[in-house]
Amino acid sequence: MEIVAARRCYFVRVLIITGAGVSAESGIPTFRGKDGYWRNLDPIKLATPEAFASDPELVWEWYRERRHRIRDAQPNAAHEAIANLAQRSDEFLLVTQNVDDLHERAGLGRTEMVQIHGDIFKTRCSRCSFEQEHERDDGDCETLPRCPRCDALMRPGVVWFGEALPARETERVENYLQRDSCGIVIVVGTTATFGYIIHWALRASHLGGQLIEVNPEETPLSRFATQLVRERAAVALPRIVDQIARS
Ligand code: OAD
């Protein structure tokens with residue numbers, strides 16, 4: 001399959017959207033995949049304000065284990081290919097639903113990416129606006145963390161089901177999409193269950209840009225894609241980026 005870059009006047013504007021599938025080959029379980037369950041508990045039910053309100057210890061334990069697993073993981077060839085494409089593009093934005101730091105560790109700058117569902121290494125107050133960057137090599141204390149300002153429970157700095165997206169991050173995506181359309185849009189490793197993911201992908205590509213989906217399985221976005229790549233991300237993305245760079 002040949003991917004032809006939609007260049008206008010030698011200018012390549014790129015939007016990439018990633019989901020849990022891009023980190024699957026780094027050993028991070030996806031949400032809806034068979035390895036996603038933790039102690040027989042459904043992550044879709046654990047990642048909710050209701051679960052935190054009824055059992056904060058359990059939810060924190062799950063997040064601490066996930067933090068450990070992410071710290072021990074390494075970026076894979078898909079993360080690296082995306083960082084490589086960022087360097088070759090005139091304008092680039094990655095919107096990731098992943099709360100891990102693997103895109104960043106593969107070399108992508110913070111200004112080139114938006115973590116639309118938050119950052120697992122941040123901790124914020126469940127009541128006031130206090131937030132802290134989590135020390136990546138801390139001991140992950142066993143007791144429940146409390147806010148130094150108001151003493152309410154601290155929570156992971158991620159977006160849970162039913163919660164609004166962070167306004168500042170949404171604004172960064174909106175600004176990027178408003179400025180111009182994209183010649184290349186690649187959506188990788190997401191079930192695209194949220195309407196805004198499909199909406200952003202379609203909006204970015206609506207003036208004739210390519211919309212490439214990389215996912216071994218069909219998703220609600222598949223029928224809109226101009227290219228369907230039914231392969232694993234770490235296999236497909238290095239080749240796709242190479243083809244874009246050569247075109
Ligand atoms: P999911 O777990 O829903 O979906 C993972 C997707 O990755 C599926 O479509 C798989 O087919 C695909 N996949 C699996 N392995 C892959 C591989 N090696 N290469 C490419 N694709 C692969 O994860 P997300 O779509 O990211 O939100 O989930 C979206 C959001 O729902 C998450 O950010 C989280 C979750 O609940 C919140 O917590 C708010």
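Just so you know, all these numbers are worked out from the coordinates, no wet-lab data involved. Because the structure is a prediction, the values reported are computed rather than measured. Positions of Cβ are backbone-derived with ideal geometry, glycine not excepted, and every protein chain shown enters the neighbour counts.
So, in the range 222-247, of the ones that are closer than 16 Å to Thr30 by Cβ and hydrophobic (A, V, I, L, M, F, W, C), which residue ends up farthest from the ligand (Cβ to nearest atom)?
Looking at residues that are closer than 16 Å to Thr30 by Cβ and hydrophobic (A, V, I, L, M, F, W, C), I get Ala234.
Does the range 105-120 contain at least one residue that is closer than 29 Å to Arg179 by Cβ, polar (S, T, N, Q) and over 19 Å from the mean Cα position of the chain (by Cα)?
First, the residues of the range 105-120 that are closer than 29 Å to Arg179 by Cβ: 105-119.
Restricting the remaining residues to those that are polar (S, T, N, Q) gives 111, 115.
Narrowing further to those that are over 19 Å from the mean Cα position of the chain (by Cα): none.
No, because not a single residue in the range 105-120 is closer than 29 Å to Arg179 by Cβ, polar (S, T, N, Q) and over 19 Å from the mean Cα position of the chain (by Cα).
Being among the hydrophobic types (A, V, I, L, M, F, W, C) and closer than 20 Å to Ser205 by Cβ is the filter here, so list the residues in the range 79-99 that pass it. Working first, answer last.
Kept after step one, since they are among the hydrophobic types (A, V, I, L, M, F, W, C), are these residues of the range 79-99: 81-83, 85-86, 92-95, 99.
Those that are among the hydrophobic types (A, V, I, L, M, F, W, C) and closer than 20 Å to Ser205 by Cβ: Ala81, Ile82, Leu85, Ala86, Phe92, Leu93, Leu94, Val95.
Considering only residues of the range 28-57 that are over 19 Å from Leu221 (Cβ atoms) and under 15 Å from the mean Cα position of the chain (by Cα), which is surrounded by the most Cβ atoms within 10 Å (Cβ to Cβ)?
Taking the range 28-57 and keeping what is over 19 Å from Leu221 (Cβ atoms), we get 28-29, 34-57.
Next, from what is left, pick out any that are under 15 Å from the mean Cα position of the chain (by Cα): 28-29.
Working: Ile28: 22, Pro29: 17.
Filtering first and then ranking leaves Ile28.
Between a residue in the range 42-53 that is closer than 16 Å to Gly157 by Cα and of a type in the set (Gly, Ala, Ser) and any residue that is more than 9 Å from the ligand (Cβ to nearest atom) and part of a helix (DSSP H, G or I), which pairs come within a Cβ distance under 7 Å, given they are 6 or more apart or on different chains?
Ala51/Lys45; Ala51/Val59
For residues that are under 18 Å from the mean Cα position of the chain (by Cα) and away from the ligand (no atom under 16 Å from the Cβ), scanning just the range 192-210, find the one that is surrounded by the most Cβ atoms within 10 Å (Cβ to Cβ).
The initial filter retains those residues of the range 192-210 that are under 18 Å from the mean Cα position of the chain (by Cα), namely 192-202, 204.
From the residues that got through so far, the ones that are away from the ligand (no atom under 16 Å from the Cβ) too are 202, 204.
Working: Leu202: 13, Ala204: 27.
By that ranking, first place goes to Ala204.
Would you mind telling me which numbered condition in (1) hydrophobic (A, V, I, L, M, F, W, C); (2) in contact with a Pro (Cβ under 6 Å, 6 or more places away or on another chain); (3) surrounded by fewer than 20 Cβ atoms within 10 Å (Cβ to Cβ) Met154 fails?
(3)
Taking only the range 161-191 into account, find how many residues are within 21 Å of Ala236 (Cα to Cα) and surrounded by fewer than 21 Cβ atoms within 10 Å (Cβ to Cβ).
Quick first cut of the range 161-191, residues within 21 Å of Ala236 (Cα to Cα) only: 182-191.
Of the ones still in play, those that are also surrounded by fewer than 21 Cβ atoms within 10 Å (Cβ to Cβ) are 191.
Qualifying residue count for the region: 1.
For the range 76-126, which fully contained strands (runs of 3 or more DSSP E) count at least 1 residues that are hydroxyl-bearing (Ser, Thr, Tyr)?
Details: elements: 91-96, 113-115, 118-125.
So the answer is 91-96, 118-125.
For the range 159-179, give me the residue count where each residue is within 13 Å of the ligand (Cβ to nearest atom) and free of Cβ contacts under 8 Å to residues at least 12 places away in the same chain. Give the steps one after another, and end with the answer.
Pass one, the range 159-179, residues within 13 Å of the ligand (Cβ to nearest atom): 159-166, 169.
After this cut, where a residue has to be free of Cβ contacts under 8 Å to residues at least 12 places away in the same chain as well, the list is 164.
So the count comes out to 1.
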